[in-house]
Amino acid sequence: MKNGILIVFEGIDGSGKSSCMDAAVSEISKKRDVIRTSEPTKGVIGQLIRTHTDVTPETEALLFTADRAEHTKEMKKWLDNGKIVMCDRYYASTLAYQSAYGVRSSWLRKMNEPVIIEPDITFLFDISPEMGLERVESRGEKSKFERLDYLKKVRRNYLKIAKEKGFVIIDASENKDHVLASVMEHISKII
Ligand code: TMP
């Protein structure tokens, strides 16, 4: 039975969610057992996603979801053992990114429903795609998921899902310390 806590960070590329998660993990791990994990995973399907980028959006959605099914199985074990699990991206990434590629949202939701657990809290790191892309470019990283017009759609999708699911929206344009402090304030209420 689940007695751990699942915390998810979501956001467009360059939103700063991953570095904030690193900082939050090192903060929380001073007192509690924390597992940091992410999607796409480093497992077989996750690697397939990273290396095979020339596939249809539907195939991509299937692969992200298959990766998630295996990941959820793993996370359930950690949660059953009372761990705090912090996950960089989860099902909302598929709903926001793949539907921005034109994949039918009702299909994405239906397909994900049996392979997910509802997180205890999900943070949406909200930032303008212009600012996000600036950060990504300064790191020298770029992928097909990072075009401006595409990220605008992804952001809109994220905000819609956040409203529906009650995600905590974080203004990711604020300075890092401020962002971390507001994330930690929310987390401290549930751990
Ligand atoms: P990352 O840069 O956070 O590691 O994520 C890799 C890319 O994969 C990112 O641009 C978002 C994308 N992605 C999806 O399109 N759908 C998904 O379900 C997931 C988990 C990631």
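The values are calculated or read from the model by the stated rules, or taken from the named source; none is laboratory data. Since the model is a prediction, treat every value here as computed from it, not as a measurement. Positions of Cβ are backbone-derived with ideal geometry, glycine not excepted, and every protein chain shown enters the neighbour counts.
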Every residue in the range 13-32 that is at pLDDT below 95 and either touching a strand residue (DSSP E or B) at 6+ places or on another chain (Cβ under 7 Å) or crowded, with 18+ Cβ neighbours inside 10 Å (or both), please. 13, 14, 32
Cβ-Cβ under 8 Å pairs, at least 6 apart or on other chains, the range 77-100 side within 16 Å of residue 118 (Cβ to Cβ), far side within 8 Å of the ligand (Cβ to nearest atom) and of a type in the set (S, T, N, Q): 87/38; 89/38; 94/65
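Against the condition away from the ligand (no atom under 13 Å from the Cβ), under 24 Å from residue 183 (Cα atoms) and among the aliphatic types (A, V, I, L, M), how does residue 84 come out, does it pass? Full working, then the answer.
Working: away from the ligand (no atom under 13 Å from the Cβ): yes; under 24 Å from residue 183 (Cα atoms): yes; among the aliphatic types (A, V, I, L, M): yes.
Considered against the rule, which asks whether it is away from the ligand (no atom under 13 Å from the Cβ), under 24 Å from residue 183 (Cα atoms) and among the aliphatic types (A, V, I, L, M), residue 84 comes out as yes.
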Out of curiosity, is residue 153 among the charged types (D, E, K, R), in contact (Cβ under 8 Å) with a residue 40 or more places away in the chain and over 30 Å from residue 55 (Cβ atoms)? no
Would you tally the residues in the range 50-61 being closer than 20 Å to residue 116 by Cα and either crowded, with 18+ Cβ neighbours inside 10 Å or among the basic types (Lys, Arg) (or both)? 2
Criterion: modelled with pLDDT of 95 or more, under 16 Å from the mean Cα position of the chain (by Cα), away from the ligand (no atom under 12 Å from the Cβ) and of a type in the set (S, T, N, Q) - qualifying residue of 72, 41: 72
Taking the conditions exactly as written (touching a helix residue (DSSP H, G or I) at 6+ places or on another chain (Cβ under 7 Å) and basic (Lys, Arg)), does residue 36 satisfy them or not? yes
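Specify the residue that is nearest to residue 92 (Cα to Cα); the eligible residues are those in the range 42-74 that are in a helix (DSSP H, G or I) and charged (D, E, K, R).
Filtering the range 42-74 down to residues in a helix (DSSP H, G or I) leaves 44-51, 57-74.
With the extra rule that they be charged (D, E, K, R), the set shrinks to 50, 58, 60, 67-68, 70, 73-74.
On the way: 50: 19, 58: 16, 60: 15, 67: 14, 68: 11, 70: 17, 73: 18, 74: 19 Å.
The selected residue is 68.
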Screening 19, 15 for residues that are in a loop (DSSP other than H, G, I, E, B), of a type in the set (S, T, N, Q) and within 20 Å of residue 135 (Cβ to Cβ) leaves only 15
Residue check: is residue 82 over 27 Å from residue 23 (Cβ atoms) and not in a helix (DSSP H, G or I)? no
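Identify, from the list 47, 98, the residue that is more than 12 Å from the ligand (Cβ to nearest atom) and closer than 27 Å to residue 136 by Cα. Walk me through it before giving the result.
Numbers: 98 fails: more than 12 Å from the ligand (Cβ to nearest atom).
That would be 47, the only listed residue that is more than 12 Å from the ligand (Cβ to nearest atom) and closer than 27 Å to residue 136 by Cα.
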